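*Asks:* Right, I'll just put the structure down here and ask away after.
The values are calculated or read from the model by the stated rules, or taken from the named source; none is laboratory data. Please read all numbers here as calculations on a predicted model, not as lab measurements. Cβ placement follows ideal geometry from the backbone for every residue including glycine, while neighbour counts extend to all protein chains displayed.
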Amino acid sequence: MIFYTGSYTIREGSPAPNPTGKGIGRFEFDPGSGEFSQLDFTWQRSPSYLFVSKNKKYLYAVEECIENLSPKIFAYEIGSIGELSLLNFQKIDGAYACHLCEANKQMIIANYMTGNALVYPINNDGTLATSNQMIQHKGSGIHSKRQTKPHVHMVYPFNDRNIFLVDLGLDRALAYSADEQGVWNAVSENDIYLHPGAGARHMDMNNDKSFAYILGELSGEIEVFENTGNGFNSIQRISFLPWEYNGDISGAAIRLHPNGKFLYASERGSGTISVFKVNTASGQLSYIKSEETKGKTPRDFNIDLTGEWLFAANQDSNLVVAFKIKNDGLLQYASEQHVDTPVCLAFL
């Protein structure tokens, strides 16, 4: 199993107190022994989020930094054993790029600080053309420090022609649809509204897209929405904080297990990943347990394609930890690997 890590390498734009990352890491993991092997690193400034193309031929990575440092998005070709070769890069007209995904033969990135999304056509050879569309959000939320303006935090593909832009500043996942020319247009009647002050950060949906799960970074809650066919109705709010935790709330990543029966959410302050059982009929969640990630600040985690392993990127303890996913959804520690300031995980 080959996987990649992104890491913070510079302070300008990084929320990490002491970023020491080496760029994009390439690792091999043996599911038989549960052990890691470090292969190499590809230098890039603060690759905060990575995306492996649907055809597994290319990897794309954004630089998360301030606008004055001229951030870029990079395209790499993936070799036979996962090695990366730079294809090209394009400039990012925004600050703190923090997420990206592929839809409609385009790469779409989210810029947190400037509250916008940029669209880059993907050429047949995997290279990126210059950005041909900027989607700029407007507005604010009720949190006096974190919601004074829009903060696009995630691009979630509903399908190849429809996406949501999850905005922490607006407490909303805004819906967009691509027309025949590839231009993304707002479909406001499909927007998903969270409760005020939630701080919408990341979302996931079940396989048939009948339910959406959105993590509130500021509230420490997951809000569950039912897709009625005419919009999304909120049906549940449930905390992902450990019961005994009383510190600052800092939710991060949310992922459904491939079998749809379990959901996981990470909380950076407590250093935990909370496990939920999913009622596949109603879509609602039942809290099972909060598992410690054996490190500090689990900014990201990911589940491998088999659904047997979960990997947690502990940003502030320079550690990626592998957990075996048990039949009941709970996590069993397997091994760990030193990685400087890891903040993202992507599987080949």
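*Asks:* Might you check whether a residue that is hydroxyl-bearing (Ser, Thr, Tyr), modelled with pLDDT of 95 or more and closer than 19 Å to Leu218 by Cα occurs anywhere in segment 310-324?
*Replies:* Within segment 310-324, none of the residues are hydroxyl-bearing (Ser, Thr, Tyr), modelled with pLDDT of 95 or more and closer than 19 Å to Leu218 by Cα.
*Asks:* So which of Ser7, Ser70, Ser80, Ser14 ends up being modelled with pLDDT of 95 or more and within 20 Å of the chain's Cα centre (by Cα)?
*Replies:* Ser7
*Asks:* Residues to consider are Ile235, Ile214; find the one that is more than 22 Å from the chain's Cα centre (by Cα), within 16 Å of Val278 (Cβ to Cβ) and among the β-branched types (Val, Ile, Thr).
*Replies:* That would be Ile235, the only listed residue that is more than 22 Å from the chain's Cα centre (by Cα), within 16 Å of Val278 (Cβ to Cβ) and among the β-branched types (Val, Ile, Thr).
*Asks:* Do you know which residues across segment 45-78 are closer than 13 Å to Ile92 by Cβ and either among the charged types (D, E, K, R) or part of a loop (DSSP other than H, G, I, E, B) (or both)?
*Replies:* Arg45, Ser46, Glu63, Glu64, Cys65, Ile66, Glu67, Ser70, Pro71, Lys72
*Asks:* Looking only at segment 252-308, which residues are more than 16 Å from Phe323 (Cα to Cα), among the polar types (S, T, N, Q) and under 18 Å from the mean Cα position of the chain (by Cα)?
*Replies:* Thr297
*Asks:* Could you give me the residue pairs with C-beta distances under 9 Å whose first residue belongs to segment 171-193 and is under 13 Å from Phe232 (Cβ atoms), whose second residue is of a type in the set (Val, Ile, Thr) and in a loop (DSSP other than H, G, I, E, B) wherever it lies, and which are 6+ apart or on separate chains?
*Replies:* What qualifies is Leu174/Val187; Ala175/Val187.
*Asks:* Is there a residue in segment 55-64 that is at pLDDT 95 or above, in contact with a strand residue (DSSP E or B) (Cβ under 9 Å, 6 or more places away or on another chain), among the basic types (Lys, Arg) and surrounded by fewer than 17 Cβ atoms within 10 Å (Cβ to Cβ)?
*Replies:* So far as segment 55-64 goes, yes, one or more of its residues are at pLDDT 95 or above, in contact with a strand residue (DSSP E or B) (Cβ under 9 Å, 6 or more places away or on another chain), among the basic types (Lys, Arg) and surrounded by fewer than 17 Cβ atoms within 10 Å (Cβ to Cβ).
*Asks:* Would you mind stating whether Ser250 is out of contact with any helix residue (DSSP H, G or I) (no Cβ under 9 Å at 6 or more places or on another chain), at pLDDT 95 or above and under 19 Å from Val278 (Cβ atoms)?
*Replies:* no
*Asks:* When both residues are 6+ apart or on different chains and their Cβ atoms are under 9 Å apart, which pairs have a first residue that lies in segment 321-348 and is under 18 Å from Val62 (Cα atoms), and a second that is acidic (Asp, Glu)?
*Replies:* Final answer for the pair search is Thr341/Asp316; Pro342/Asp300; Val343/Glu64; Val343/Asp300; Cys344/Asp300; Leu345/Asp300; Phe347/Asp304.
*Asks:* If you don't mind, another one. Pull up segment 1-42, narrow it to residues that are of a type in the set (Phe, Trp, Tyr) and within 21 Å of Cys101 (Cα to Cα), then point me to the one that is surrounded by the fewest Cβ atoms within 10 Å (Cβ to Cβ).
*Replies:* Phe3
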